[in-house]
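Heads up, the thing below is written out as structure tokens.
The values are calculated or read from the model by the stated rules, or taken from the named source; none is laboratory data. As the structure is a computational prediction, the values presented were derived from the model and not from experiment. Cβ atoms come from the backbone with ideal geometry, glycine included; neighbour counts cover every protein chain shown. Keep in mind that these areas ignore ligands, DNA and RNA; they rest on the heavy atoms of the full protein, side chains included. Shrake-Rupley method; radii C 1.70, N 1.55, O 1.52, S 1.80 Å.
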Amino acid sequence: DEPIRKGIQYLFNNELNKAKYIFQQKSHSDPLYALGLSLLRDDLAATMDTLSATYAIAHAQIKRKGFFNFSFVPVWMKSNASGLPPSLDPKSTFISNGILRALTIKAEASLAMAILSMLQETKMAFVKSGFYLKRAYRDYSCVWQEYQRMGQKYTRYMDRETVSGVQLGIGTLHLLISLIPPKIMHWFGIFGFRSDQQLGLALLKLCIEVKGIRSPFASLILLSYYSILSSFAPQLDGSQWTNSAIECLVKAQKLYPRSSFFLIYAGRISRITKNIPLSTQSFTFSLEASQKSEWHELTDLTHCEIGFNYLLQLDWTSALNYFSKLPSTGLTQYLVACCHHMLPDQRTESILMFASTRPINRFIQGRLEFFQKGGYQHMDFTLPALELLLVTNAFEHMNTTHLESCIVLIQHALDKIYEREKQDHISRLKELAPKSVPADYGDQRAILLLIKAAVLNSLRLYKNSIPHLNWIMDHQLLIQSENWILPFTYWEAGVTSWGLADFTKSRKLWQLALNCTQYPLEYRMMIRLQLGLMKCQAMHVQCVTDTQGASSQGRKRLPIKIQGNANK
């Protein structure tokens, strides 16, 4: 394993070409080399192909030795209270180390394909991901059971890299599945498996302590997990996970101080703690390292991260500069168009860019269709850059000054809607059956009020957000196009209740959000809701099914009734 160890060292020290040279040497015959090469592919399709080849090579090695993993197929269904696979008969002969090693690599390839499929966020991709997860668990279970039977003498029969590999795999599975909402678990076809967060964390930490070839990957998985817990729902006391992330990062950077991977996580963790200058500095260091090693994928990622930091500072010009450096995709076109829109003298450029943007997901497609439907005549009533910050739950990372500036921008747009409606009302007082269509800005007003409520929650002005959220819930029939508004409103209303220490109402509102389906960004919101409900369970907040607090027609409301104009 020494060449592989050296290749991993090169990879995490940003010496990309040296790592690639080592992994390519035996990638057609050794599955571990093929697995390493999959880390350096240029796109998703090439990575999946290399992982499939890795699986096939490992499977062929096992088959040549006459081993078939039939007896372990039902293991997924037999997880015990410990969260680990059950033990086998200790008297039977141990499986050879070569087979156990190949099974571990097979499982790693399946696990990687499961994660990559999950990131595509489509129902079919989740079904495929479930298939890969079950395949990975079957192979990991076989190795783990052998490890358990060997007892403290396992070092005689199994190498330490295989042991750390199964620790990495089972630990990752437990953390991954703990984040998956029941609805997606149903699509996976996974039933009866009980995830154990503490077990997953413990196994990954054991893998890190070994300081083997998989240790830096265990650090990356832990950092990813901590980042999700801290950034998807930061309103729910994410500080404990932020501290754990910082501790993990410090240990990793002692071994790989120049690694672009860990510099990126340093930037993300600094952003979570609202230290945007330090975050940008970390991303800049990572950018310089990736440019020096000609690692184009990481260069693009850091450009995007730095651009997002400038969005958080409302520096539209600097954000535009970094987003413009990215390859031309539907996402980057939309980001560039949003930045143009926020600059008063560049509205023409924004309209042209919106018109030429290729939609890559339902959210962007829906916003583009909404703009096109109005002939780009009502762009003054929208703040698309702030919409992005809303759906990514990013207002929690902004400082007070920038949040207050957001309130000014939102109120300015709301005032423009009010003025347009006032003009239409005056014209209808003077002219009978006018040719103009009555003003209908329900979607625009609802989005602006939702953004305003999110900003107020981030300012901890929870009571001030109540009337805006109530207006959206009471006037949901006015929302014609954007069906994502209501579940996001339920989430934000739950945050408001949480800030007011009404935890039961928070749980009720988040459960209402789970009932919403078929809207853009649904899967990401489901993970956010899952985190909220997990927090409720940890605090023993009871599930309430009564209708207390309902207004007419069953619409849920917070305990205040709005009077007068919703714009104010």
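Some values worked out for this structure:
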read-out	value
Flag for GLN542 being surrounded by fewer than 18 Cβ atoms within 10 Å (Cβ to Cβ), at pLDDT 50 or above and part of a loop (DSSP other than H, G, I, E, B)	yes
Flag for ALA289 being closer than 21 Å to THR242 by Cα, part of a helix (DSSP H, G or I) and open to solvent by less than 30 Å² (accessible area, probe 1.4 Å)	no
Residues within the range 18-48 that are closer than 23 Å to THR299 by Cα, open to solvent by 30 Å² or more (accessible area, probe 1.4 Å) and not in a helix (DSSP H, G or I), tallied	4
Residues located in the range 444-464, provided they are closer than 17 Å to MET379 by Cβ and open to solvent by 10 Å² or more (accessible area, probe 1.4 Å)	GLN444, ARG445
Residue that is nearest to ILE451 (Cα to Cα) [pool: residues in the range 478-507 that are assigned to a loop (DSSP other than H, G, I, E, B) and of a type in the set (A, V, I, L, M, F, W, C)]	TRP484
Test: residue in the range 213-221 that is touching a Gly at 6+ places or on another chain (Cβ under 6 Å) and either modelled with pLDDT of 95 or more or not polar (S, T, N, Q) (or both)	yes
Those helices (runs of 4 or more DSSP H) lying entirely in the range 193-264 with at least 3 residues more than 21 Å from the chain's Cα centre (by Cα), surrounded by 19 or more Cβ atoms within 10 Å (Cβ to Cβ) and in contact (Cβ under 8 Å) with a residue 24 or more places away in the chain	197-210
Test: residue in the range 401-412 that is within 15 Å of HIS378 (Cα to Cα) and open to solvent by 40 Å² or more (accessible area, probe 1.4 Å)	yes
First in the range 116-143 and farther than 16 Å from ALA45 by Cβ and aromatic (Phe, Trp, Tyr), second anywhere and open to solvent by less than 10 Å² (accessible area, probe 1.4 Å) and at pLDDT below 85, Cβ under 6 Å, 6 or more apart	PHE126/ILE184
Verdict on SER52 being open to solvent by 20 Å² or more (accessible area, probe 1.4 Å) and at pLDDT below 90	no
Considering residues of the range 158-171 that are open to solvent by 10 Å² or more (accessible area, probe 1.4 Å) and either at pLDDT below 80 or within 20 Å of GLU247 (Cβ to Cβ) (or both) only, the residue farthest from the chain's Cα centre (by Cα)	GLN167
Conditions (1) open to solvent by less than 10 Å² (accessible area, probe 1.4 Å); (2) free of Cβ contacts under 8 Å to residues at least 40 places away in the same chain; (3) aromatic (Phe, Trp, Tyr): number failed by PHE503	(1)
Qualifying residue in the range 111-124 (condition: open to solvent by less than 20 Å² (accessible area, probe 1.4 Å), at pLDDT 90 or above and closer than 14 Å to ILE170 by Cβ)	yes
Whichever residue in the range 439-477 is farther than 19 Å from ARG367 by Cβ and assigned to a loop (DSSP other than H, G, I, E, B) and, among such residues, is farthest from the chain's Cα centre (by Cα)	ALA439
Residue within the range 390-410 that is on the phi < 0 side of the Ramachandran plot, free of Cβ contacts under 8 Å to residues at least 24 places away in the same chain and assigned to a loop (DSSP other than H, G, I, E, B) present	yes
Members of the range 127-156 that are modelled with pLDDT under 85 and among the aromatic types (Phe, Trp, Tyr)	TYR154
Enumeration of residues in the range 508-537 that are in contact with a helix residue (DSSP H, G or I) (Cβ under 6 Å, 6 or more places away or on another chain), open to solvent by 30 Å² or more (accessible area, probe 1.4 Å) and in a helix (DSSP H, G or I)	LEU512, LEU514, LYS535
Residue match in the range 421-437 (condition: in a helix (DSSP H, G or I) and either open to solvent by less than 20 Å² (accessible area, probe 1.4 Å) or at pLDDT 95 or above (or both))	no
